[in-house]
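The values are calculated or read from the model by the stated rules, or taken from the named source; none is laboratory data. Because the structure is a prediction, the values reported are computed rather than measured. Every residue, glycine as well, gets a Cβ built from its backbone with ideal geometry; the counts of neighbours run over all protein chains shown.
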Amino acid sequence: MSKITVVIEYDTDAEIAQVHYGDKTCEWRDAKLTFAQGITETRDGYLMRRERDGSASIMLTGITT
């Protein structure tokens, strides 16, 4: 098993997120960071409800630059 550390620095006023993973950094503008319980996002962007598993999700949406 390999592990990837992802760090999200989110500026709520500017709505910009810096996403750091491995040796890469990506900036997202018009970003929204959402913490939710019981939802997940699929590859094609649809939200799917997860029932009874008690999991939580972090979802970042925006435009990558």
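At pLDDT 85 or above and of a type in the set (Ser, Thr, Tyr), is that true of residue 64?
Working: at pLDDT 85 or above: no; of a type in the set (Ser, Thr, Tyr): yes.
Spelling it out, it is not the case that residue 64 is at pLDDT 85 or above and of a type in the set (Ser, Thr, Tyr).
Checking segment 35-43 against the condition returns no match, with no residue being modelled with pLDDT of 70 or more, charged (D, E, K, R) and surrounded by 10 or more Cβ atoms within 10 Å (Cβ to Cβ).
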